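Comments concern the structure below.
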Amino acid sequence: MQLKINDEISSPLWELEWKMKRFIGFIKKEFYHIFRDRRSLFILFGMPIAQILLFGFAITNEINNVNIAILDHSKDASTGEIINKISASKYFTVKQILTRETDIETAFKKGKIKAVLNFEKDFSRNLIAEKRATIQIITDATDPNTANSITNYINAILQNYQQEKNRTIAVEYQIVPQTRMVYNPELKSVFMFVPGVMTIILMLVSAMMTSISITREKELGTMEILLVSPLKPFQVIIGKVVPYIFLSIINASVIVLLSIFIFKMPVQGSLFLLGLESVLFIITSLALGILISTIAETQQAAMMISLMGLMLPVILLSGFIFPVASMPVPLQIISNIIPAKWFIIIIKGIMLKGVGMAYVWKETLILIGMTIFFIGLSIKKYKIRLE
Amino acid sequence: MKEENVIEADQLTKTFGEFTAVNAISFEVKKGEIFGFLGANGAGKTTAMKMLIGISKPSAGKAAVAGFDVYSQPESIKKNIGYMSQRFALYDDLTVKENITFFGGIYGLSRKKIREKREQLISELGLENISNKLVGSLPLGWKQKLAFSVSLLHGPKIVFLDEPTGGVDPITRRHFWEMIYKAADQGTTIFVTTHYMDEAEYCDRVSIMVEGKIEALDTPKKLKEQFKVDSMNDVFLKLARIPSPTLPKGKGENTDCN
Amino acid sequence: MSISLNNISKSYKKLKAVQDISFDVNPGELFGLIGPDGAGKTTIFRILTTLLIPGEGTATVAGFDVVEDYKEIRNSVGYMPGRFSLYQDLTVEENLTFFATIFGTTIEENHDLIEDIYVQIEPFKNRRAGKLSGGMKQKLALCCALIHKPKVLFLDEPTTGVDPVSRKEFWEMLKRLQKKNITILVSTPYMDEAALCDRIALIQNGEILEIDTPEAIVNKFPKTIYNVGADNMYKLIQSLQKYKYLYSVFPFGEFVHYTDKRDSFEVADLRSYLEKEGLVNISIEVAQPNIEDAFMELAR
């Protein structure tokens, strides 16, 4: 028995028009879902803004024009250069020059000083003769987070100074900061958080929201109707995914714009490349979302898998918070299979170092490879039936 | 309150904002009676029942359940009633024994008492071989019978049943109703809310709610005579044919959102 | 044949959902699959709508094989799953438009088919589906299943959880659709709805008990049924269960349905037995068997 609908399909133009209409109809429906669900709307647009502002202000407020004091036992060329470098940065203001060790406590007690830099005697000479010199960083640990940050910043400046020196002088110097704080070589900039937050948001929006929206149809039973319709599985998937591509692009733009205009973050590299790489990562995340929805039967399961399986590794292993280099070797190896790690490397490169494709092609290829793998796997796993 | 009446409702009313879900209903239910509480989706059955079991405060009117006032003694009411609904009855991921123990514990039965009741109940229902199986793996009919027995564990004066036998096979349904008759014979009052009219036929008396009001209240036999029809279904159709289609108008009335 | 099943079986892991199911539905027929929850009704629907692959056996819908030609079937049938599967956050009209679009049609194009159903929900076309009553959801779901003029309509428990008024209206609608040459396979756990179908299959525990017209099934009932009533239902059942000639006793509303082992017997004997048991207001009358009696007899 031939059906009427099949006879009409004989005209290719009509067929194309029908397909377009169907596709647009599907996408329209998805947008209705998104805009009528306040919770997902909040996740979509509230979270990125809230996160970026939180991270942004939390960090910039803490480390801006922090008052420090100097106790310089050497008063030589090197210490002078370092002090200049520190006071030139916008993070620190040298408020006081101390002369005796006993002054340190008084300085702290007055409460205006957050840190004291104590240079050892014969700093320059030690640096040249012994190849190492010691500086003591004393911080007011009543606010441990600030203390920690201050130490990190001063360390970063010292490191920077050391690198500059080593570039011009054949023999390597080593300035040894005496501090119990763990040195974080990645934390060179306040703007470090932007790539991380952007990665998390794109992952969250793309992977979690798509997997939830697909499993919701399974829960409601509407997936049964969609399956028993002329829609092909990949059309359902594409229809589900397209709105989130748009939304994720908007989100990525909001994050970048906020960073540029509110936090004055300089984007060194090409915005166009940044955009392309972001779209690539969005597609990777969407593919992961689809994969999750083929495994999960309920929205709750999809959410749990997204959070545990995607968010946690992104936060812990991607290098966003804990630098990959300082992880135990097994974790470093595992971190390689996390797409977010590569994306963070790419956008850090583009945003902060201003590198072009020539420097990130390897990471980009890895990401493309992963995306193809995930899409292939989810197509293979996607069921045209209920079992 | 007379000893005879286990439920007494007088002008019981519940409003949600502008909308009157339950409109001044009055009725009594006697000890050991099987009372059917009927109505279409959104007629106010669930709201009325929530007030009677002490989980929703009436807006106006009086009601006493098992001798306790619904306003001031909801906790005493809860101790003296049993409740079973089609939507939720037992935990699917606990075994038969664990479910009985859990619900016995909720109603404060002693450990010894629980053990006694558990053995008795399992042997009465013939569940000896499957007492350690998960409830989720049992056929629906068995689940419902077990759920009903569990709701009787603490010897409540009244059991509220919310559409207890929907979807159950006809034979198991009969066994279920035999259990209900037995409980009623032993003095437990049975309060059944349902919109399945075949369940109504089994009741001693039924009330039919339409748009928040009780429009009819009598024995099924008398109602059929009064409306000159053969079945409770037809009685219902005659009464409930309010301007169709019916719609829920307020919160908490969308009892059929499954 | 519009629908044809040949020795269909399906298991989930160890559990046998349906076993050796065979039946045919003629074009334009209203065929009912009657059985309790867990009987296997939904499994049969999902096999026929190509959502599940049968473990054994073959089946065709509108001439297409459910495994090989699943795409053709998906183009030509209407399906209303057990729960009214609608988008709760879309309005009545948006739901309908959406389903029309994915089937490549419009509401206007098929207006004549859904008209009498749609007029009932049209006043609420801007209301979200989640805010509708059960009866309204049911009507909207039916409209959505009909929007592309399917040749075969699958309705899985369309009347479950819906009040009697809506149920009655729904069956009237099905009767009208049938006249428009649509084959309808409907499932229900309510035995009283069986009488509204052209033919029915009684199903329990994954097996078919009987297939015939409702009248024929009732007429095949082998025993005479007595409506027995007394003042105390519980004692009445207890007494009858002890009666040595008892074949079966089942509560049926205000009476019990009683059948006797003997081919013929004196009603007076039974009455005096019940009186001896201490029952009063005894009534014993011959009653017409119904589908439920037949189902219970077949399921024994």
Within region C:174-202, which residues are of a type in the set (D, E, K, R), in contact with a strand residue (DSSP E or B) (Cβ under 9 Å, 6 or more places away or on another chain) and more than 12 Å from chain B (Cβ to nearest Cβ)? C:Lys175, C:Asp198, C:Arg199
Yes or no: region C:148-163 includes at least one residue that is among the hydrophobic types (A, V, I, L, M, F, W, C), under 19 Å from C:Leu196 (Cβ atoms) and in a loop (DSSP other than H, G, I, E, B). yes
Taking the conditions exactly as written (assigned to a helix (DSSP H, G or I), in contact with a helix residue (DSSP H, G or I) (Cβ under 8 Å, 6 or more places away or on another chain) and farther than 14 Å from A:Ile200 by Cβ), does A:Met303 satisfy them or not? yes
I need a count of the residues in region C:151-173 that are more than 19 Å from C:Thr42 (Cβ to Cβ) and either at pLDDT 90 or above or away from chain B (no Cβ under 14 Å) (or both). 4
Taking strands (runs of 3 or more DSSP E) that do not extend beyond region B:168-258, which have at least 1 residues that are more than 9 Å from every other protein chain (Cβ to nearest Cβ) and modelled with pLDDT under 90? B:189-194, B:205-210
For region C:81-96, which positions are in a helix (DSSP H, G or I) and facing chain A (nearest Cβ under 7 Å)? C:Glu94
Quick check on my filter: what residues within region B:88-111 are hydroxyl-bearing (Ser, Thr, Tyr) and either within 14 Å of B:Trp142 (Cβ to Cβ) or surrounded by 14 or more Cβ atoms within 10 Å (Cβ to Cβ) (or both)? B:Tyr91, B:Thr95, B:Thr101, B:Tyr107
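The rows are residues; the columns are (1) at pLDDT below 85; (2) crowded, with 24+ Cβ neighbours inside 10 Å; (3) charged (D, E, K, R).
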residue	(1), (2), (3)
A:Leu258	yes, no, no
A:Gln268	yes, no, no
A:Leu273	no, no, no
A:Thr284	no, yes, no
A:Ile295	no, no, no
A:Met303	no, no, no
A:Phe320	yes, no, no
A:Ile338	no, no, no
A:Ile346	no, yes, no
Looking only at residues in region C:95-116 that are touching a Phe, Trp or Tyr at 6+ places or on another chain (Cβ under 9 Å) and buried (at least 20 other Cβ atoms within 10 Å of the Cβ), which one is modelled with the lowest pLDDT? C:Gly104
Do we find that C:Tyr118 is at the interface with another protein chain (Cβ under 9 Å from one of its Cβ atoms) and either out of contact with any Pro (no Cβ under 7 Å at 6 or more places or on another chain) or in contact (Cβ under 8 Å) with a residue 12 or more places away in the chain (or both) in this structure? no
Number of positions in region B:5-51 that are in a strand (DSSP E or B) and small (Gly, Ala, Ser): 6
Considering region C:50-80 alone, what residues qualify as being facing chain A (nearest Cβ under 7 Å) and more than 20 Å from C:Asp156 (Cβ to Cβ)? C:Gly63
Return yes when A:Ile201 is in a helix (DSSP H, G or I), aliphatic (A, V, I, L, M) and either modelled with pLDDT of 80 or more or farther than 30 Å from C:Asn95 by Cβ (or both) and no when it is not. yes
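Test B:Ile77 against the criterion of being in contact with a strand residue (DSSP E or B) (Cβ under 8 Å, 6 or more places away or on another chain), without any contact (Cβ under 8 Å) to a residue 60 or more places away in the chain and crowded, with 19+ Cβ neighbours inside 10 Å, and give yes or no. Even if it seems obvious, please write down each step before you answer.
Values: in contact with a strand residue (DSSP E or B) (Cβ under 8 Å, 6 or more places away or on another chain): yes; without any contact (Cβ under 8 Å) to a residue 60 or more places away in the chain: yes; crowded, with 19+ Cβ neighbours inside 10 Å: yes.
Spelling it out, B:Ile77 is indeed in contact with a strand residue (DSSP E or B) (Cβ under 8 Å, 6 or more places away or on another chain), without any contact (Cβ under 8 Å) to a residue 60 or more places away in the chain and crowded, with 19+ Cβ neighbours inside 10 Å.
What number of residues in region A:369-384 are loosely packed, with under 15 Cβ neighbours inside 10 Å and either within 14 Å of another protein chain (Cβ to nearest Cβ) or of a type outside the set (Gly, Ala, Ser) (or both)?
Quick first cut of region A:369-384, residues loosely packed, with under 15 Cβ neighbours inside 10 Å only: A:369, A:372-373, A:376, A:380-381, A:383-384.
Subset that is either within 14 Å of another protein chain (Cβ to nearest Cβ) or of a type outside the set (Gly, Ala, Ser) (or both): A:372-373, A:380-381, A:383-384.
Residues that pass the stated criteria total 6.
Does A:Pro230 satisfy the criteria of being in the same structural domain as A:Phe42 (by TED's automatic domain parsing), touching a His at 6+ places or on another chain (Cβ under 9 Å), of a type outside the set (Lys, Arg) and closer than 30 Å to C:Leu155 by Cα? Talk me through it step by step, then tell me what you get.
Numbers: in the same structural domain as A:Phe42 (by TED's automatic domain parsing): yes; touching a His at 6+ places or on another chain (Cβ under 9 Å): yes; of a type outside the set (Lys, Arg): yes; closer than 30 Å to C:Leu155 by Cα: yes.
So A:Pro230 passes the test.
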Could you figure out which of (1) in a helix (DSSP H, G or I); (2) within 14 Å of chain B (Cβ to nearest Cβ) isn't true of C:Leu279? (1)
Would you check which residues across region C:101-145 are more than 18 Å from A:Pro230 (Cα to Cα), not charged (D, E, K, R) and not in a helix (DSSP H, G or I) and list them? C:Asn126, C:Leu132, C:Ser133
Return the only residue of A:Lys188, A:Lys131 being of a type in the set (D, E, K, R), at pLDDT below 80 and at positive phi. A:Lys131
Result of the Cβ filter at 9 Å on region A:357-373, keeping first residues that are within 26 Å of A:Ile290 (Cβ to Cβ) and without any contact (Cβ under 8 Å) to a residue 60 or more places away in the chain and partners that are surrounded by 13 or more Cβ atoms within 10 Å (Cβ to Cβ) and among the aliphatic types (A, V, I, L, M), at least 6 apart or interchain, is A:Glu363/A:Ile345; A:Glu363/A:Ile346; A:Ile372/A:Ala287; A:Phe373/A:Ala287
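The values are calculated or read from the model by the stated rules, or taken from the named source; none is laboratory data. The structure presented is a predicted model; accordingly, all values stated were derived computationally and were not measured. Positions of Cβ are generated from backbone atoms using ideal geometry, with glycine treated the same way; all protein chains shown enter the neighbour counts.
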